[in-house]
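Taking it in order: structure first as structure tokens, then the write-up.
The values are calculated or read from the model by the stated rules, or taken from the named source; none is laboratory data. Worth saying up front: this structure is predicted, and the values here are computed from it rather than measured. Using ideal geometry, Cβ is built from the backbone for each residue, glycine included, and neighbour counts are taken over all protein chains shown. To get the accessible areas, we keep the full protein, side chains included, count just its heavy atoms, and leave off ligands, DNA and RNA. Shrake-Rupley method; radii C 1.70, N 1.55, O 1.52, S 1.80 Å.
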Amino acid sequence: MKRPKIVVLGAGYGGLMTVTRLQKQLGSNDADIVLVNKNDYHYETTWLHEASAGTLHHDRVRYDVKDVIDRSKVDFVQATALKVDHQAKKVILDNGELDYDYLVVALGGASETFGIQGLDKYAFSIVNVNAARQIREHIEYQFATYKAEEVKNPNRLTIVVGGAGFTGIEFLGELGNRIPELCKEYDIDQKLVRVICVEAAPSALPGFDPELVKYAMANLEKKGIEFKIGTAIKEATPEGIIVAKGENETEEFKAETVIWAAGVRGNPIIEASEFENMRGRVKVEPDLRAPGLSDVFVIGDCSLVINEEINRPYPPTAQIAMQQGELVARNIARLVKGNTHLESFTFDNKGTVCSLGDDDAIGVVFGKKVTGTKASFMKKMIDNRALYMIGGVPLTVKKGKFNIF
Ligand code: FAD
């Protein structure tokens, strides 16, 4: 009998959890497993703010996919997935096609600009390793050019961060530590540097405990970050950004560097493949299958799971993507073994820690509020845990964060 073919798209948190669990739960003769990823490496998306600010080298945030898969059981295909044809049960890649019996879509998210003019053209987004490297190099170039040019352009030393959500705040925390280093490196008076965070919502870190938000903002302000809360970006231009001021007025902030960190949507392949979706995310069934498709599972940032307690979607996180990957592996293993009774997904929220640089953080872990070095220590343990869950001790030793303080 022909072995069923399981195709997993994306070697991020969700995809690698699925594959590393499937390779343990299925024997070589049970199924053919194929993993497709754009690059031959996985990157820790949750560390990209560090690579973007330049506080961690980009090679530290990635590792080879082949280091964590069992090559006797899993075929790795390096390709970009373009579209899923669910009628024909195949995936269109940039270098060919793959048919499947079971498909897992774990392609992560993309930046959501909410139609704000100019953002896609003039702002950077922290979305992958290459984008992180570009942001780091762009900031360094601005500092170097400012120092070298005869007629000084002060806007080279202004950085605007759009969004004071999780990603924006974590990036600001790193910038707060990196700016003094850059000033020293390029011999620039730190008073000339401006880092402005613009947030449309009435508070930073919506959904976080207000006391922790106050702590985070106060500590970032001490590092020189300026906050413009309740201020919406109207447009990004080649010179900077234009924000709304009052009812009908606008104000311009001139900046050579604008980072947009305020929105995530699902991977564009979801819309291209005509899945039922909301902003590129599929509202999945309890067993994580796409509605009406018994052979397609969607996880991570491409999926949308409702938190029944508040009747709103869970924010997309690595934590949820990894838990979904574990469940999908179990469900596919059941289907392969002829068991059609699938498990439902329940998110086990272990807490959230938001870093404020290498030495500070805020968070709620197992229901307890934590700040400062204790929270920062926990953040590193969470980062190490993700490595351990996917690659065990060898990967944790190779890539883990052990610079405790
Ligand atoms: P990803 O882990 O992003 O992986 C997607 C994979 O698919 C990548 O390998 C990518 O290269 C590949 N891919 C994409 N498109 C294609 C294609 N067309 N063809 C082939 N391959 C493709 N979450 C937390 O839980 N805690 C945090 O502290 C946290 N911090 C964050 C900090 C930052 C700066 C950012 C940006 C996000 C943070 N998140 C955090 C969110 C978290 O990173 C995401 O929710 C998580 O990465 C989603 O996992 P995923 O498996 O869906 O996708």
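Couple of notes before you dig in:
- Cα gyration tensor category, rounded, prolate or oblate, for the range 213-342 with a/c compared to 1.5: prolate
- Beta bridges per DSSP, both residues in the chain: antiparallel share near 50 percent.
- Helix 318-336 vs. the chain, principal-axis angle (Cα, 0 to 90°, nearest 10): 10 degrees
- Histogram of C-alpha separations across the range 24-87, 5 Å bin width, %: 4, 14, 19, 16, 17, 15, 8, 5, 2, 0
- Nitroxide proxy distance, nm - points 7 Å out along Cα→Cβ at Asn311 and Ser28: 5.4 nm
- Crossing angle, helix 372-399 versus the chain [Cα axis fit, 0-90 degrees, rounded to tens]: 40 degrees
- Taking the convex hull of Cα positions in the chain, its mean projected area over all directions (nm²): 21.2 nm²
- Kirkwood radius and radius of gyration were both taken over the C-alpha atoms of the range 201-243, and their ratio Rg/Rh is 1.07.
- Other-chain or far-sequence residues with amide H under 5 Å of Leu93's (modelled H): Leu82, Leu98
- Prolate/oblate/rounded label for the range 263-305 (Cα gyration tensor, a/c 1.5): oblate
- Within the range 375-396, backbone nitrogen closer than 14 Å to the virtual label 7 Å beyond the Cα of Arg60 toward Cβ: 380-381, 383-384
- Burial ranking of peptide ranges 62-70, 12-20 (average Cβ count within 10 Å, highest at the top): 12-20, 62-70
- Within the range 71-115: backbone nitrogen closer than 14 Å to the Lys337 label point (7 Å, Cα to C-beta): none
- Angstrom value of the Kirkwood radius, inverse mean 1/r, which spans all Cα pairs in the range 149-201: 12.1 Å
- Prolate/oblate/rounded call for the range 1-159, Cα gyration tensor, a/c under 1.5 rounded: prolate
- Label-zone membership for the range 158-173, site Glu211, 7 angstrom Cα→C-beta point, backbone N under 17 Å: none
- Using alpha-carbon coordinates, inclination of helix 166-186 to the longest axis of the chain, degrees: 50 degrees
- The H on the amide N of Phe124, modeled in the peptide plane, is under 5 Å from the matching H of Val258, Ile259, Trp260, each at least 5 residues off or on a different chain.
- Centroid-to-centroid separation of the range 338-358 and the range 82-107 [C-alpha atoms, Å]: 26 Å
- In sequence order, the range 257-265 has phi-based couplings of 10, 10, 10, 9, 10, 10, x, 10, 10 Hz under the Karplus curve 6.51 cos²θ - 1.76 cosθ + 1.60, θ = phi - 60°, and Gly or Pro positions carry x.
- Rg(Cα) / (2.2 N^0.38 Å) computed for the range 265-405, rounded to two decimals: 1.21
- Simple spin-label estimate for Glu252 and Tyr141 in nanometres, 7 Å along Cα-Cβ: 2.3 nm
- Note on Glu226 and Lys191: the extension gain reaches 11.3 nm, defined as 0.36 nm multiplied by sequence separation minus the Cα-Cα distance.
- Protein-only accessible surface at a 1.4 angstrom probe places the residues Tyr388, Tyr186 in the order Tyr388, Tyr186, largest first.
- For the range 263-324 versus the range 117-185, the spacing of their alpha-carbon centroids is 32 Å.
- Inter-label distance, Gln87 to Phe347: 3.5 nm, where each label sits 7 Å from its Cα along the C-beta direction.
- The range 1-52 - Rg over Rh from alpha carbon coordinates, Kirkwood radius: 1.11
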